[in-house]
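**Student:** Encoded as structure tokens, here's the structure I'll be asking about.
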Amino acid sequence: MAFLGRSNVGKSSLLNALAGTKGLARVSSEPGRTRLVNFFRVTGAVRPGRGGRGEFYLVDLPGYGYAKAPKSVREGWGSLVNSYLEDRDPLRLCVFIVDARHDPSAGDEMLRDWLDHHQRPYVVAANKIDKMGRGEARRRERALASALGSGAEAIIPVSATKKTGVDELWKTIRAAAFDRHDFEASE
Ligand code: GDP
């Protein structure tokens, strides 16, 4: 499970919103890799009320497109994330976070193309919907769906600050993490 998005899009806020309500525990960065990659371990009921427990990791990858970052960091982003995403077999879902107010940036389009090309399952979390009214939120959702959504499993409007849509995002993450027979067998 990987969280991806442009810098400043609210990725940390969204992870904290999930952590606050869902009991995620931040675990140390993977040894030998850059400290920029944070891991959260999630342990809990596989299907609430039906018993069975499972565990998975959320991986917080560094944001892209931060113009003020040193050049070496900007250039390193692509190779870090690329190798990280390419190496991972158990990556069940990518959560691709965008700012609901804006059309996709060049970086967003690059990431979308990468995910589509490698056929990685992903959902788009359209963040900061608290900054607009309902009608505008629906219009933006449709615009993002046509710009980014062809390969996405879903577009989920969220607000990290107001916690809107966080439950729905969580359900999607949990379903992707636990929809395998190995977990069902332990129930
Ligand atoms: P990151 O760089 O993607 O990790 O972004 P941060 O989580 O640090 O957030 C960047 C800025 O956006 C901060 O000032 C946050 O307070 C703000 N922000 C994040 N999520 C939301 C949201 O859902 N609504 C609003 N209005 N602001 C948000």
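**Student:** Check off (1) over 13 Å from ILE97 (Cβ atoms); (2) in a helix (DSSP H, G or I); (3) at pLDDT 90 or above; (4) not basic (Lys, Arg) for THR161 and give me the number that stays unchecked.
**Tutor:** (2)
**Student:** I'd like to verify a number: residues in the range 125-175 that are of a type in the set (D, E, K, R) and away from the ligand (no atom under 16 Å from the Cβ), how many? Break it down stepwise before answering.
**Tutor:** To start, the set of residues in the range 125-175 that are of a type in the set (D, E, K, R) comprises 128, 130-131, 134, 136, 138-142, 153, 162-163, 167-168, 171, 174.
From what's left, away from the ligand (no atom under 16 Å from the Cβ): 138-139, 142, 153, 171, 174.
Result for the range 125-175: 6.
**Student:** Then there is this: Which is at pLDDT below 70, over 28 Å from ALA175 (Cβ atoms) and not β-branched (Val, Ile, Thr), of SER7, SER72?
**Tutor:** Working: SER7 fails: at pLDDT below 70.
Just a single option satisfies the conditions, and that option is SER72.
**Student:** Any residue in the range 17-34 that is at pLDDT 70 or above, more than 15 Å from the ligand (Cβ to nearest atom) and part of a strand (DSSP E or B)?
**Tutor:** Checked the range 17-34: no residue is at pLDDT 70 or above, more than 15 Å from the ligand (Cβ to nearest atom) and part of a strand (DSSP E or B).
**Student:** So GLU136 clears everything in (1) modelled with pLDDT under 95; (2) in a helix (DSSP H, G or I) except one condition, right? Which one?
**Tutor:** It is condition (1) that GLU136 fails.
**Student:** Which of the residues spanning the range 103-124 are touching a residue at least 40 places away in the same chain (Cβ under 8 Å), under 16 Å from the mean Cα position of the chain (by Cα) and within 16 Å of the ligand (Cβ to nearest atom)?
**Tutor:** Hits for the range 103-124 are PRO104, GLY107, ASP108, LEU111.
**Student:** Can you find, within the range 110-129, the residue that is modelled with the highest pLDDT among those that are in a loop (DSSP other than H, G, I, E, B) and within 22 Å of LEU18 (Cα to Cα)?
**Tutor:** Of the residues in the range 110-129, the ones in a loop (DSSP other than H, G, I, E, B) are 118-121, 128.
Of the ones still in play, those that are also within 22 Å of LEU18 (Cα to Cα) are 121, 128.
Details: PRO121: 90, LYS128: 97.
Across the range 110-129, the extreme among qualifying residues is LYS128.
**Student:** On to the next question. Read through the list (1) over 16 Å from GLY63 (Cα atoms); (2) within 16 Å of the ligand (Cβ to nearest atom); (3) in contact (Cβ under 8 Å) with a residue 60 or more places away in the chain, then give the number of the only condition that LEU93 fails.
**Tutor:** All conditions are met except number (2).
The values are calculated or read from the model by the stated rules, or taken from the named source; none is laboratory data. As the structure is a prediction and not an experimental result, all values here were calculated from the model. Cβ atoms come from the backbone with ideal geometry, glycine included; neighbour counts cover every protein chain shown.
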